[in-house]
Amino acid sequence: KELSEIIRGCQSGRRDDQRLLYERYADRMYHVCLRYAPEPADAEDILHEGFLKAFHGIGQYRGSGSFEGWLR
């Protein structure tokens with residue numbers, strides 16, 4: 001699926017698209033989280049909280065600029 005289609009699905013609250021977005025970005029975002037919390041369990045907590053926040057605020061993403069930048 002194209003990223004733009006996944007984002008639109010997430011904006012509509014579709015769980016399958018949320019899962020696809022998570023699977024696409026979780027590894028990269030986990031490594032960002034490890035910079036702030038060197039303990040893996042803490043980094044995972046930050047990762048999950050970050051994705052919850054992103055899913056709640058994804059309606060604010062307007063497609064300008066990099067999505068990964070917005071997500072970070």
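Side notes on the structure shown:
- Positive-end residue of G50, S64, A37, charge dipole of the chain with Cβ unit charges: S64
- The computed volume of the Cα convex hull per residue in Å³ for the structure shown corresponds, within (1) 144; (2) 96; (3) 81, to (3).
- Per residue, the chain exposes an accessible area of 68 Å² to a 1.4 Å probe, with every protein chain left in place.
- About the Cα centre, charge dipole magnitude for the chain (Lys/Arg +1, Asp/Glu -1 at Cβ), debye: 360
- Subtracting the Cα-Cα distance of Y61 and R19 from 0.36 nm times their residue separation leaves 13.3 nm of extension gain.
- Derived scalar couplings ³J(HN,Hα) [segment 32-37; Karplus, 6.51 cos²θ - 1.76 cosθ + 1.60; whole Hz; x for Gly, Pro]: 5, 4, 5, 5, 9, 9
- The HN-Hα couplings worked out from phi for segment 44-53 by the Karplus form 6.51 cos²θ - 1.76 cosθ + 1.60 (θ = phi - 60°) are 5, 4, 4, 4, 5, 5, x, 5, 4, 5 Hz, whole numbers, x standing for Gly and Pro.
- For the peptides 3-14, 53-64, the ranking by packing is 3-14, 53-64, with the highest mean count of neighbouring Cβ atoms within 10 Å listed first.
- Cβ-defined net charge surrounding C10, 12 Å radius [Lys, Arg +1; Asp, Glu -1]: +3
- Shown is the FRET efficiency for E68 and E39, computed with R0 = 25 Å from the Cβ-Cβ distance and rounded to the nearest 0.05: 0.55.
The values are calculated or read from the model by the stated rules, or taken from the named source; none is laboratory data. Because the structure is predicted, anything quoted here is derived from the model rather than measured. Please note: Cβ atoms are built from the backbone with ideal geometry, for glycine as well, and neighbour counts cover all protein chains shown. The area values use the complete protein model at the heavy-atom level, side chains included, leaving out ligands, DNA and RNA. Shrake-Rupley method; radii C 1.70, N 1.55, O 1.52, S 1.80 Å.
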